[in-house]
1. Suppose R0 equals 30 Å; then what is the FRET efficiency for residue 99 and residue 3 from their Cβ-Cβ distance, rounded to the nearest 0.05?
2. Using the number of other C-beta atoms within 10 angstrom as an exposure proxy, rank 28, 191, 122 with the fewest first.
3. Do the alpha carbons of any pairs in 11/234; 4/210; 4/110; 172/210 sit beyond 21 Å of each other, and which pairs?
4. Enumerate the amide H contacts of residue 225 below 5 Å, restricted to partners 5 or more residues apart or on another chain; note that Pro and chain-start residues carry no placed amide H.
5. Charges on Cβ only, +1 for Lys and Arg, -1 for Asp and Glu, centred on the Cα centroid of the chain; of 37, 134, 233, which one is farthest towards the dipole's positive end?
6. Applying the Karplus parametrisation 6.51 cos²θ - 1.76 cosθ + 1.60 with θ = phi - 60° to the phi angles of segment 96-112, what ³J(HN,Hα) value in whole Hz is obtained for each residue in order, glycine and proline being reported as x?
7. Do any trypsin sites (Lys or Arg not before Pro) in segment 150-248 lie in a DSSP loop with no more than 16 other beta carbon atoms within 10 Å, and if so, which?
8. Just subtract the alpha-carbon distance of residue 188 and residue 24 from 0.36 nm times their residue separation and send over the number in nm, one decimal.
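Just so you know, all these numbers are worked out from the coordinates, no wet-lab data involved. Quick caveat: nothing in here was measured; it's all calculated off a predicted structure. Counting neighbours? That spans all protein chains shown, and the Cβs are built from the backbone with ideal geometry, glycine included.
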Amino acid sequence: MRRKLAAGNWKMNGTAAQLAELTAMTEVANTEQTDVLICTPATLVNRAADTASGSAVAIGGQDCHANASGAHTGDISAAMLADAGASHVITGHSERRVDHAETDAVIAAKSEAAYANDLIAVICIGESLQERESGQTLDVVGTQLQGSTPDAATGANTVIAYEPVWAIGTGKVPTLDQIAEVHDFIRAKLVERFGAEGEAIRVLYGGSVKPSNASEIFAVSNVDGALVGGASLKASDFNAIISALDEA
């Protein structure tokens, strides 16, 4: 049985004042069946880890460099995130793929760096609107899944997040049938490649998830939770999503 996961990505949002929202989340995130993760900006990882200490909320980073150290000004290694108190790191988010031209190979290397430092990699994949409209969704998702996921992936060190790029922050959400088609496809590919471990790897849906649509999304086959953007910035919204996942 795969444990459910409600993951929040604060992106480039939040200063110390935002930790009050995290505190409010820790008061709800104490369920037996659902894991909760908040990925903060790097400047908040250490303080967020202190804030969430003793609660059911895990803290993650939003990116890491593939190298352990070196002349990479402005970058952060997986070891640094772990040292700051992170247990997870997002790799391959579409905004990194687009803004920083990250390839599947780069993302796989970052995920391997996460593994080497006992971090769980949350590997993001998803198609653009043009790719969706031209019928390329499964080809794109399959290629990204294959190229971005290391051979050492297991249910313990990897989470896959399917985020259709055209649904992120737009308010547009795929139909439930479209979500099911992609999640079932991802599961089949994971099992084909990793066998039993492919059944154990959690697959999250991301893209305009909010309290009003969370319950119906969580009822879709092979949706093990969500990677949430904007709605994870407010405890009232994210706590409602956690509750919807608890009840799914």
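1. 0.45
2. On the way: 28 19, 191 15, 122 29.
Starting with the residue having the fewest Cβ neighbours, the order is 191, 28, 122.
3. Numbers: 11/234 13 Å; 4/210 17 Å; 4/110 24 Å; 172/210 11 Å.
Pairs exceeding the cut-off: 4/110.
4. 5, 205
5. 233
6. Taking θ as phi minus 60°, the curve returns 6, 4, 7, 5, 10, 6, 6, 8, 4, 5, 4, 5, 4, 5, 5, 5, 5 Hz for segment 96-112.
7. 172, 234
8. Contour length minus Cα-Cα distance gives 55.3 nm.
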